[in-house]
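Peer 1: Below are the structure tokens for one structure; questions will follow.
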Amino acid sequence: MDVLKTEEKGSDVKLATALLVDTFNQDCDVAVVITNDSDLEEPIVVVNKLWGIPVGILNPHKYPSRELQKAASFYKPIRAGVLRTSQLPDPVINLHGVISKPSGW
């Protein structure tokens, strides 16, 4: 039996690293992160406090992380209708096969 696991791993670390590198290299004046992952609280605080770069959160979830709301320079929810109309068609067919979005989306 073949099992395909689509669980993401390490995306929060990659995002935090990119945020810190962009800030360190002075490649941004303002940063915006689309997340509800409270693991990103500390890099957001570091960028904001150490470098003085405002970091905003755009949140696609119904129940926002309080930690992120406190850490962010600004916060804005992404409305469900906007999120829905911003998605790719389902399914997407490419040279590697068919990609379908999860039913909950």
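The values are calculated or read from the model by the stated rules, or taken from the named source; none is laboratory data. As the structure is a prediction and not an experimental result, all values here were calculated from the model. Note: ideal-geometry Cβ built from the backbone for every residue, glycine included; neighbour counts use all protein chains shown.
Peer 1: Restricting attention to region 74-85, does a residue exist that is in a loop (DSSP other than H, G, I, E, B) and within 24 Å of VAL13 (Cα to Cα)?
Peer 2: yes
Peer 1: Quick check on region 16-26. Is at least one of its residues in a strand (DSSP E or B) and surrounded by 15 or more Cβ atoms within 10 Å (Cβ to Cβ)?
Peer 2: No: region 16-26 contains no residue that is in a strand (DSSP E or B) and surrounded by 15 or more Cβ atoms within 10 Å (Cβ to Cβ).
Residue-wise test of (1) over 20 Å from SER103 (Cβ atoms); (2) buried (at least 17 other Cβ atoms within 10 Å of the Cβ); (3) without any contact (Cβ under 8 Å) to a residue 12 or more places away in the chain.
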site: VAL46; (1), (2), (3): yes, yes, no
site: VAL55; (1), (2), (3): yes, yes, no
site: PRO60; (1), (2), (3): no, no, no
site: GLN69; (1), (2), (3): yes, no, no
site: LEU83; (1), (2), (3): no, no, no
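Peer 1: Let me ask another. Can you tell me which residue among SER65, SER100 is of a type in the set (Ser, Thr, Tyr) and either over 15 Å from the mean Cα position of the chain (by Cα) or modelled with pLDDT under 90 (or both)?
Peer 2: SER100
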